[in-house]
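Step one of this worksheet: look at the structure below.
The values are calculated or read from the model by the stated rules, or taken from the named source; none is laboratory data. This structure is a prediction, so every number in the text was calculated from the model and none was measured. Every residue, glycine among them, receives a Cβ derived from its backbone with ideal geometry; neighbour counts consider all protein chains shown.
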Amino acid sequence: MADIVFYSEDDDLLHELAGLSSTLAAQAGGGSFGVVMGDDKAGTASSLASEGVSEVYLYRAPATLRDYPEASAQAVAQVAAAHPSAYVLVGSTKDGKVVAGRLAAMLGASAASDCSSVQLSGMDLIVERPSYGGRVRTRAALSGKYVVACVKARAYPKAIPSGAAGKVIESSISPVLTTSMIEVRERPVSSMDLTRAEKIVSVGRGLKKKEDLQMISGLADAMGASVGCSRPLSADLGWLPEEAHIGLTGLEVKPKLYVAVGISGQLQHLAGVKEAGTIVAVNTDKGAPIFANADYGIVGDLYQVVPEMQRQLVATRGR
Amino acid sequence: MPNMVVLVKHVYDENQLKVERETGKVSYEGVPGKISDFDRKAMEAALVLRSVGGGKITSVTVGPEEAAKSLREVMAMGADQTILVKEPTAGQLDSSATADILAKALEKAGGFDLLICAEGSVDSYTSLLAPMLAEKLHLPLITYAQSLQVKDGTLRAERILEKRMEVVEARLPALVTVTGEINSPRIPTLLQIMGAMKKPIATFTLADLGLSLGAVGARGYKLLEYSAKSKERRKVVFDGTVPEAVTKLLDALTRDGLVG
């Protein structure tokens, strides 16, 4: 018999973890215990309590304490350590991974992050996670008195209210904080959301100067596509905003059509497009790795191919 | 004058991994190793801080003998000294084991003010090592830093998260992880590369650190399967003149219902 403890600073993830936690708890013959941080989350705590969670620990603290992963880790460790053994699930956000790493060290637990699947097999927690930018799928077994698995957003559906009445238990900690917050700013949300785009024309180092982006957006317009880029264009050159950066450290996109123009196709970039429906590559170098990862390709100079594509699209389709 | 430590990981070159076509099995045989790219950014961040406030940069790795290659790379960039904790099976260790080894090695080296590492490594990208290490060494931790500043014994960093950015401070000694966007690392000159070949690398074994393979980490991580999952792409290259190739491409996309 083992219990499941879960935490996230993100409400959507909390409801997703609640569902997963109940499933695992039923299999393990244990209970499902949620941890919620901050005075502003009383509502979240009570809705979790109606979603099959046995006990929700509501940590009374100013909402700002949630911005300190070390405080959250101390709270979750307190809840987990009250159980002789526990599987701990943490939402795999950036801060969530910090919570998980600290928690694992505090509990002497093995841990895995970015898990897309978490299953129980005997006493082991079997997790799936990506390696090498998603090119390699890793399956691992976590075992021990305590284990920590960070679960990716949207890997599991949100729990549905079951009518079961779990308890909300108000708790507190006196966290030891070793950093201080000087300033918090919301990141400007760009109107562009490439993760929802159906078609994307993406451009890379093959582009010679910023002004030539016009040519790329011309093609994108003719196709009804959004414009994205590989890392160098946003991070190094600043020609496009970070919200356009597709790849391992940028966005993961899933368009039906992805046109990679002047992109060599390094693994870091391909990690962001592996779920794309059809990939088209335009590159001068016929040995570029992008061609081995594309459905259709044209070996040629983008400065000739792109205008020609636009011309033919407009001519034949009257746009 | 902060003494800095830059953590480095020696990984397989991800562009040269071999995948068995039918089974999806990944083979490392003959795949060359290299420095995890993001570590060069951690090194560059340290070099920038050194150029402003002085200090010494020590680079540390846990890896097989071959990992010396990655240390040479950061030495060519400008690291003052390097430490290799030699462990042939390092590639199979989980974050908790690596954190235990690094914690011991850093305690032994001692006297550092700022530890810098990348937010993740190109192979497993767990982002778990730094928080584990911070916990073990009782150090303040700032993760996902996009910029760093050290003044009067305090580290100030801009953190980039999913929906917001933060400015956070910590008193030194501290540990910081940097994002892939923090800088563009310098490319060493041939002279610097050759110079780095001659510099010594302090080498320890686990036994030297009073550790053994069976007694590091949480020992509850077991790799079951490692397989390449990649959608099979059609790899059709259209030839002919540019207008001809474009026509063939657009015809194919029209057939697929993607344009028109």
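Tell me the residue from A:PRO232, A:PRO255 that is in contact (Cβ under 8 Å) with a residue 24 or more places away in the chain and either in a helix (DSSP H, G or I) or closer than 21 Å to B:PHE38 by Cβ (or both), please.
So the residue among A:PRO232, A:PRO255 that is in contact (Cβ under 8 Å) with a residue 24 or more places away in the chain and either in a helix (DSSP H, G or I) or closer than 21 Å to B:PHE38 by Cβ (or both) is A:PRO232.
Do the conditions hold for A:VAL151, that is, is it in contact (Cβ under 8 Å) with a residue 60 or more places away in the chain, within 12 Å of chain B (Cβ to nearest Cβ), within 28 Å of B:THR126 (Cβ to Cβ) and aliphatic (A, V, I, L, M)? Spell out the reasoning first.
Working: in contact (Cβ under 8 Å) with a residue 60 or more places away in the chain: yes; within 12 Å of chain B (Cβ to nearest Cβ): no; within 28 Å of B:THR126 (Cβ to Cβ): yes; aliphatic (A, V, I, L, M): yes.
For A:VAL151, the condition - in contact (Cβ under 8 Å) with a residue 60 or more places away in the chain, within 12 Å of chain B (Cβ to nearest Cβ), within 28 Å of B:THR126 (Cβ to Cβ) and aliphatic (A, V, I, L, M) - is not met.
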Looking only at the range A:263-319, and only at residues there that are of a type in the set (Val, Ile, Thr), part of a helix (DSSP H, G or I) and within 20 Å of B:ASP251 (Cβ to Cβ), the one that is farthest from the other protein chains (Cβ to nearest Cβ): A:VAL314
Test of understanding: among A:VAL184, A:VAL168, which residue is in a strand (DSSP E or B) and either away from chain B (no Cβ under 14 Å) or crowded, with 21+ Cβ neighbours inside 10 Å (or both)? A:VAL168
Within the range B:73-85, tally of residues that are buried (at least 20 other Cβ atoms within 10 Å of the Cβ) and not β-branched (Val, Ile, Thr): 6
If I ask for residues that are more than 21 Å from B:ALA118 (Cα to Cα), in contact with a strand residue (DSSP E or B) (Cβ under 8 Å, 6 or more places away or on another chain) and without any contact (Cβ under 8 Å) to a residue 40 or more places away in the chain, which ones from the range A:235-252 would you list? A:TRP239, A:LEU240
For the range A:25-47, how many residues are assigned to a helix (DSSP H, G or I), buried (at least 21 other Cβ atoms within 10 Å of the Cβ) and not small (Gly, Ala, Ser)? 1
Find all pairs meeting these conditions: Cβ atoms under 7 angstrom apart; at least six residues apart or on different chains; first residue within the range A:1-30 and small (Gly, Ala, Ser); second residue surrounded by fewer than 20 Cβ atoms within 10 Å (Cβ to Cβ) and in a strand (DSSP E or B). A:ALA28/A:LEU120
Could you tell me which numbered condition A:ARG135 fails, if it satisfies all but one of (1) more than 29 Å from B:ASP13 (Cα to Cα); (2) among the basic types (Lys, Arg); (3) facing chain B (nearest Cβ under 7 Å)? (1)
Could you tell me how many of the residues in the range B:220-245 are part of a loop (DSSP other than H, G, I, E, B) and more than 7 Å from chain A (Cβ to nearest Cβ)? 4
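Of these, B:ASP80, B:ASP39, which one is assigned by TED's automatic domain parsing to the domain that holds B:MET194, of a type outside the set (A, V, I, L, M, F, W, C) and touching a residue at least 40 places away in the same chain (Cβ under 8 Å)? Write out each step before concluding.
Details: B:ASP80 fails: touching a residue at least 40 places away in the same chain (Cβ under 8 Å).
Residue meeting the stated conditions: B:ASP39.
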Residue list for the range B:125-166, restricted to those being touching a residue at least 12 places away in the same chain (Cβ under 8 Å), facing another protein chain (nearest Cβ under 10 Å) and assigned to a loop (DSSP other than H, G, I, E, B): B:THR126, B:SER127, B:LEU128, B:LEU139, B:PRO140, B:LEU161
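Test of understanding: among B:ILE193, B:ILE201, B:ILE187, which residue is in contact with a strand residue (DSSP E or B) (Cβ under 9 Å, 6 or more places away or on another chain) and closer than 21 Å to B:SER36 by Cβ?
Working: B:ILE193 fails: in contact with a strand residue (DSSP E or B) (Cβ under 9 Å, 6 or more places away or on another chain); B:ILE187 fails: in contact with a strand residue (DSSP E or B) (Cβ under 9 Å, 6 or more places away or on another chain).
Going through B:ILE193, B:ILE201, B:ILE187 in turn, just one is in contact with a strand residue (DSSP E or B) (Cβ under 9 Å, 6 or more places away or on another chain) and closer than 21 Å to B:SER36 by Cβ: B:ILE201.
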Cβ pairs under 9 Å, 6+ apart, first in the range B:1-22 and within 13 Å of chain A (Cβ to nearest Cβ) and more than 24 Å from B:SER59 (Cβ to Cβ), second among the aromatic types (Phe, Trp, Tyr) and part of a loop (DSSP other than H, G, I, E, B): B:LEU17/B:TYR28; B:LYS18/B:TYR28
